[in-house]
Amino acid sequence: MMTRMEKRNLAMGLLFASPWVLGFLVFTLYPLIMSIYYSFTSFNVVQPAVWVGLDNYRELFFKDPVFWTALYNTLYFTLFSVPLCLASGLGIAMLLNQKLPGQSVFRTLFFLPSIVPIVASAVLWLWVLNPESGLVNSLLMQWFGIQGPGWIASPEWSKPSLILMSVWGIGGAMVIFLAGLADVPPTLYEVAELDGAGAWAKFRHVTLPMLTPTILFNLVMGLISSFQYFTQVYVMTGGKGTPVDTTMFYALYLYRNSFYYLRMGYASAMAWMLFMVILAATVGVLVSSRKWVFYHGE
Amino acid sequence: MARVEIKNLNKVFPGGIQAVKNANLVVEDKEFVVLVGPSGCGKSTTLRMIAGLEEVSSGDIHIGDTLVNDVPPKNRDIAMVFQNYALYPHMTVYKNMAFGLILRKYPKKEIDRRVREAAEILGITALLDRRPKALSGGQRQRVAVGRAIVRQPKVFLFDEPLSNLDAKLRVQMRTEISKLHHRLQSTMIYVTHDQVEAMTMGDRIVVMLDGVIQQVAPPLQLYHHPVNKFVAGFIGSPPMNMVEGRLAGENGTVHFIDKNDAVCLTVPPERHAALKGHLGKKVTLGIRPEHLRESGTPQGAEGASIKALIEVVEPMGFEINLYLNLGGQSITARINTSVEPTVNTQHVLDVDMHCAHFFDMETENTIV
Amino acid sequence: MANSRKTVKTALKLGILGLLSIAFVLPFVWMLSTSFKHESRIFPPPGQPPQWIPTTDVRDDQGRTLVKFDGKSAVDLGAEETGRHHLLLDGKQVEAWDHEIEPLQQVGLHWENYSKAFEMMDFWQNLRNTLFICFCTVLGTLVSSSVVAYSFARIPWRGRDAVFVLVLATMMLPYQVTLIPLFALYSKLGWVGSFKPLIVPYWLGVPFYIFLLRQFFKTVPEDLSAAARIDGCSEFGIYARIILPLAKPALATTALFMFLFQWGDFLNPLIYLQDDRQYTLAIALQQFQSQHVSAWGPLMAMSTVITLPIIVLFFFTQRTFIQGITMSGLKG
């Protein structure tokens with residue numbers, strides 16, 4: 001039995017929350033349910049969906065090598081890009097987290113690339129990595145006399161190129177690391193110093209444990225966005241995932257199935273597989289985090 | 001102006017905690033009533049129910065002739081001063097004070113007149129254009145009071161308004177609020193945990209504990225005639241000494257003997273009648289620090305003195321507070337002497353048994 | 001002793017930071033430099049070092065280009081189709097082949113990449129579209145997310161915390177899962193090919209900003225609401241007259257982030273905009289790139305134009321920016 005005020009609060013609360021409730025029902029819950037349904041159909045938007053049972057999933061697993069290529073490419077990218085970005089974000093944050101002249105200028109310089117519109121940065125990198133006249137290969141030639149590789153255009157270098165590019169956008173993670181570093185109580189360092197800890201020991205036994213929640217946050221965010229990597233590779237390969245599918249990422253292949261081949265049922269099945277992979281990865285990280293994440297005050 | 005009446009008031013929070021238990025109280029028109037008690041005793045909850053910020057679980061609240069249980073706060077014609085001032089940080093002092101009147105669509109002229117008048121009374125006219133951030137704690141408190149005044153409400157509610165101020169300001173604001181009450185002649189209900197504030201400000205004091213009203217009385221009556229051990233111990237500073245023991249009566253005499261059999265005090269004959277029923281039973285003796293006196297002074301009652309070890313001496317100027325150890329029980333004495341006693345010596349004090357209180361050890365109610 | 005070691009350490013760190021930051025900034029400089037170069041300078045002959053500073057040809061007072069020939073400077077009088085140039089060298093006419101001469105260069109900017117890009121892209125229309133979408137989504141997010149955040153932060157309704165967990169959970173949902181049903185839904189509504197799919201959802205609360213604003217709203221003392229209630233505010237009055245004015249920093253962060261996201265958003269416009277009159281800058285740039293694969297001058301000019309406002313905006317709002325990221329990261 002609710003009291004008058006509880007009833008009033010419930011009514012008011014729902015009234016204020018109603019935009020979200022409506023949005024959730026129409027733009028999240030309904031599509032979520034329909035997406036499951038579509039994944040069991042053959043559907044091209046124009047004609048009504050036709051039930052095909054598990055055909056889409058069967059095709060994904062047993063008949064579509066590109067699906068596996070896309071999955072492999074995405075996992076490959078994630079496996080290298082996420083740790084690399086975490087490490088370099090943390091490294092730069094640690095360098096910045098000291099009383100150095102020009103600290104805020106440096107912070108700005110490292111942060112800027114992460115706010116550039118992705119399309120612009122993709123076009124820019126396409127030019128920077130241009131095999132003939134791009135900046136990187138010109139400099140390699142000028143400084144070391146090395147003929148640089150074809151980067152994006154080369155099957156061996158296309159993924160490493162994208163991984164290197166992703167390091168350019170670590171600004172957000174870096175700022176979060178900086179905030180995390182600022183939260184480490186200075187007294188802990190003083191105590192560690194009194195205990196005779198050197199720079200490495202302080203990092204290993206004070207900084208790193210205190211930063212684990214921040215690392216976890218950046219790791220989860222990095223994983224989720226890396227699995228959905230799309231815009232850069234769409235722009236840089238004209239939506240084709242070239243050369244020879246070496247940059248056919250999962251989200252790109254899903255997009256192609258949806259809007260090039262109009263196989264929306266098939267793409268829905270792909271979306272659910274992606275969701276499962278992301279969920280498994282996130283849950284895996286969160287479960288493991290109980291072992292390595294240290295929370296203040298525990 | 002109005003009287004406030006609370007009938008069988010109860011408040012049960014979700015989760016089952018009962019913050020107020022069957023409270024009954026009448027605050028007369030133009031009266032200044034202080035609700036006092038330790039934190040968690042339900043005094044603030046009671047006040048917030050009067051304000052309409054908390055819902056009544058059962059019981060009635062009347063303001064004037066109106067039953068206000070279901071009336072929203074804005075229509076109760078009350079004003080409230082909060083502990084943390086609750087000034088709107090984004091508004092000037094003027095706007096803070098005027099806000100309630102603006103919402104009630106008072107004419108601009110009237111608002112201006114009231115705000116300036118209130119500012120005059122509180123001496124904050126010079127601050128009207130400032131924002132709360134630029135004010136000191138005392139000034140903020142004045143603005144908070146001013147905001148209440150301009151509304152000219154039927155009832156003023158104060159929720160620990162002075163606890164965020166430093167000691168000196170607190171004393172100053174205390175007298176100012178008292179003066180304000182005389183000037184405005186309106187009903188005021190004031191919540192505090194500080195018994196000194198309660199004693200100095202209230203026409204009547206309501207002592208609460210664990211959601212239950214213990215006693216409602218004017219300050220001096222509360223001081224001299226507490227209804228139970230809690231009220232006796234809560235009111236007065238330093239607090240009343242409580243010595244556990246029993247009453248022994250033989251041959252027309254009555255003695256109080258402490259639980260260690262270390263002290264035996266003779267009870268004066270005029271109190272025998274009241275204590276008759278408790279002879280041989282366990283009681284707590286309550287004795288205020290000022291009723292312990294240097295041995296040999298005229299008021300010392302016959303056959304009622306104690307010898308205790310002085311642990312701390314606190315010279316207060318006019319008086320001295322002594323903290324003593326009486327067979328394991330701590331007691332405090334407030335004596336008036338020119339010679340400062342020495343720490344760690346045994347000291348003999350007379351107990352004024354005419355002023356002693358006796359409490360039933362089980363019910364903790366006052367026997368006499 | 002210890003002091004000088006410290007100095008060396010600081011210098012070393014500064015050196016590392018300096019090198020790294022140069023590496024981070026170099027692509028920007030390259031972009032800017034390319035955008036101001038003449039076509040002929042964008043692709044240097046193989047083996048030549050990259051040219052950082054844009055240059056223009058040197059001309060004499062009659063507008064004739066000056067060239068370097070045989071170690072001396074000469075006036076180029078014009079060339080035949082064969083590639084044979086007529087030169088004026090020390091008052092005498094001489095002839096020289098294309099590869100024997102080199103145009104004299106001076107520091108100077110070529111703006112024609114910009115004008116070319118503007119023409120080829122229908123720039124102003126694209127900018128209008130982008131700004132319109134930015135404006136509508138920022139406004140929608142501010143209004144809807146703050147109202148919803150108010151409910152979750154300041155009204156103690158039954159079931160609130162459970163529902164809030166749901167809000168957070170939706171943030172974890174990859175967009176691909178809802179992509180197709182939403183597309184189907186918008187097609188049915190006839191919204192595909194209009195701005196509606198890009199705007200309407202933002203008027204129904206955006207989980208991330210609901211979360212951000214809720215965190216901020218919770219820091220406002222509860223007594224302020226109580227005081228406002230006694231002063232005569234309704235629930236909406238407390239939201240509009242007390243909480244919102246106090247939440248300006250969080251609202252600024254929200255507006256900023258949303259603007260930034262919309263300015264550069266690619267996927268949604270890619271899916272839902274079909275007529276190039278509707279294109280946003282991001283889509284237009286990508287389209288332009290796919291049609292003029294090696295027009296690096298105009299491409300870099302356009303990239304500069306899209307990037308520059310963001311960088312300028314960042315410089316004016318750095319604090320809001322950094323605070324916003326920190327807020328979203330640490331309280332998560």
Taking each residue in B:262-275, count the Cβ atoms of any other chain within 10 Å of its Cβ, then average. What number comes out? 0
Based on the alpha-carbon gyration tensor of region C:1-100, what equivalent-ellipsoid semi-axes (square roots of 5 times the eigenvalues) come out, in whole Å, largest first? 47, 16, 12
Using only protein heavy atoms and a 1.4 Å probe, report how much of C:Ser187 is accessible, in Å² to the nearest 10. 40 Å²
Work out the FRET efficiency for B:His224 and B:Lys168 from their Cβ-Cβ distance, taking R0 = 30 Å, and round it to the nearest 0.05. 0.55
Hull volume in cubic angstrom per residue (convex hull over the Cα atoms of chain A): 232 Å³
Range in chain C, longest, excluding exposed GluC sites (Glu not before Pro) [loop by DSSP; at most 10 other beta-carbon atoms within 10 Å]: C:82-332
Using the Cα centre of the protein assembly as shown as the reference point, and only Cβ charges (+1 on K/R, -1 on D/E), how large is the resulting charge dipole? Debye, rounded to the nearest 20. 1320 debye
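Hey, got the average number of other protein chain Cβ atoms within 10 angstrom for residues in C:147-157?
6
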Quick one: longest stretch of chain A between exposed loop trypsin sites (Lys or Arg not before Pro), exposed meaning at most 16 other C-beta atoms within 10 Å and loop per DSSP? A:100-239
For region B:241-360, give the magnitude of the charge dipole about the Cα centre (Cβ charges: +1 Lys/Arg, -1 Asp/Glu; no others), in debye to the nearest 20. 400 debye
The A/C contact buries a total accessible area, at probe radius 1.4 Å and rounded to the nearest 100 Å², of 8000 Å²
Descending Cα extents along the principal axes, region B:241-360, whole Å: 42, 28, 20
What's the Kirkwood radius of chain B in Å, using all Cα pairs? 23.0 Å
Dipole-positive endmost among C:Asn3, B:Ala273, A:Leu129 within the protein assembly as shown (Cβ charges, Cα centre): B:Ala273
So, in Å, what gap is there between the alpha-carbon centers of region B:46-99 and region C:115-130? 58 Å
Between region A:9-75 and region B:251-281, how many Å separate their Cα centres? 86 Å
Give me a single rounded figure for A:37-46: the average over its residues of other chain Cβ atoms within 10 Å of their Cβ. 2
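Say the cut-off is 30 Å between C-alpha atoms; which of B:Lys21/B:Lys179; B:Lys133/B:Lys179; A:Lys202/A:Lys291; B:Lys11/B:Lys109; B:Lys154/C:Lys218; C:Lys37/C:Lys196 go over it?
B:Lys21/B:Lys179; B:Lys11/B:Lys109; B:Lys154/C:Lys218; C:Lys37/C:Lys196, as the Cα separations exceed 30 Å there.
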Those chymotrypsin sites (Phe, Trp or Tyr not before Pro) from region A:55-152 that are DSSP loop and have at most 16 other Cβ neighbours within 10 Å turn out to be none
Where both residues lie in region B:4-234, what percent of DSSP beta bridges are antiparallel, nearest 5? 50 percent
Enter the Cα centre distance for the pair region A:133-174 and region C:228-303, rounded to the nearest angstrom. 30 Å
Given a Förster distance of 60 Å, the FRET efficiency implied by the Cβ-Cβ spacing of A:Lys202 and C:Asp161, rounded to the nearest 0.05, works out to 0.95
Distance (nanometres) between label positions extended 7 Å along Cα→Cβ at B:Lys30 and A:Ile36: 7.3 nm
Surface per residue (accessible, 1.4 Å probe) for the protein assembly as shown, Å²: 45 Å²
In region C:198-214, what residues drop by 30 Å² or more of accessible area when the other protein chains are put back, versus the chain on its own? Use 1.4 Å, and skip ligands and nucleic acids. C:Leu204
Carbon/sulfur fraction of accessible area - region B:233-313, other protein chains in place, 1.4 Å, %: 51 percent
Carbon and sulfur atoms: what percent of the 1.4 Å accessible area of region A:18-70 do they account for? 73 percent
Volume per residue (Å³) of the convex hull spanned by the alpha carbons of chain C is 264 Å³
Model label zone, C:Glu80; criterion: amide N under 17 Å from point 7 Å along Cα-to-beta-carbon; scope region C:92-122: C:93-101
Chain A - percent relative contact order, Cα under 8 Å, separation 6 or more: 28 percent
Only Cα pairs within less than 10 Å get springs; with that Gaussian network setup on chain B, which residue of B:Gly15, B:Gly236, B:Gly249 has the largest fluctuation? B:Gly15
Projected label distance in nm at B:Glu117 and C:Val25, using a 7 Å step from Cα toward the beta-carbon: 6.5 nm
Angle in degrees between helix C:207-217 and the longest Cα principal axis of chain C, rounded to the nearest 10: 60 degrees
Would you be so kind as to identify all helices of chain A, as entire DSSP H runs, whose Cα atoms reach 18 Å or more along the helix's own axis and whose mean Kyte-Doolittle hydropathy is at least 1.0? A:65-96, A:208-227, A:264-292
Please sort by residue number the trypsin sites (Lys or Arg not before Pro) in region B:61-117 whose DSSP state is loop and whose Cβ has at most 16 other Cβ atoms within 10 Å. B:Arg104, B:Lys105
Cα-based Kirkwood hydrodynamic radius, the protein assembly as shown, one decimal, Å: 35.6 Å
Cα lying deepest toward the dipole's positive end in region A:14-170, options A:Asn56, A:Leu22, A:Pro149, charges on Cβ: A:Leu22
What is the percent carbon and sulfur in the accessible area of chain C, measuring with a 1.4 Å probe over the protein chains and ignoring ligands? 62 percent
Taking Cα atoms, the helix B:108-122 axis meets the longest principal axis of chain B at an angle in degrees (rounded to 10) of 30 degrees
Choose one of A:Leu279, C:Thr178, C:Val163: the residue whose Cα lies farthest towards the positive end of the charge dipole of the protein assembly as shown (beta-carbon charges +1 Lys, Arg; -1 Asp, Glu; about the Cα centre). C:Val163
Just the projected area, averaged over all directions, of the convex hull on the alpha carbon atoms of region A:1-125: how many nm²? 17.1 nm²
Between the helical axis of C:123-154 and the dominant principal axis of chain C, each derived from Cα atoms, what acute angle in degrees is found, rounded to the nearest 10? 20 degrees
What is the distance, in nm, between label points placed 7 Å from the Cα along the Cα-to-Cβ direction at A:Gln98 and at C:Trp97? 5.8 nm
Taking chain C and counting helices only, DSSP H stretches of n ≥ 4 at -39,500 (n - 2.57) each over all residues, the nearest-500 ellipticity at 222 nm comes to -19500 deg cm²/dmol
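If r is the Cβ-Cβ distance from B:Thr266 to B:Val212 and R0 is 41 Å, what FRET efficiency results, to the nearest 0.05? Show your work: numbers first, answer last.
On the way: r = 35 Å, r/R0 = 0.86.
Using R0 = 41 Å, I get an efficiency of 0.70.
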Dimensions of region B:141-200 along principal axes (Cα, Å, largest first)? 29, 22, 18
To the nearest 20 debye, what is the magnitude of the charge dipole of chain A about its Cα centre, counting +1 on the Cβ of each Lys and Arg and -1 on the Cβ of each Asp and Glu? 520 debye
Can you pull the Rg over Rh of region C:55-107, Cα-only, Kirkwood? 0.94
GNM on chain A, Cα springs under 10 Å; top mean-square fluctuation among A:Val220, A:Val136, A:Val191 goes to A:Val191
With springs connecting C-alpha atoms under 10 Å apart, model chain A as a Gaussian network and identify which of A:Leu109, A:Leu95, A:Leu194 has the largest mean-square fluctuation. A:Leu194
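The values are calculated or read from the model by the stated rules, or taken from the named source; none is laboratory data. Bear in mind the structure is a predicted one, so any value in this text is a computation, not a measurement. In this analysis, Cβ positions are derived from the backbone assuming ideal geometry, glycine residues included, and neighbour counts consider all displayed protein chains. Areas reflect the complete protein model, heavy atoms only, side chains present, ligands, DNA and RNA absent. Shrake-Rupley method; radii C 1.70, N 1.55, O 1.52, S 1.80 Å.
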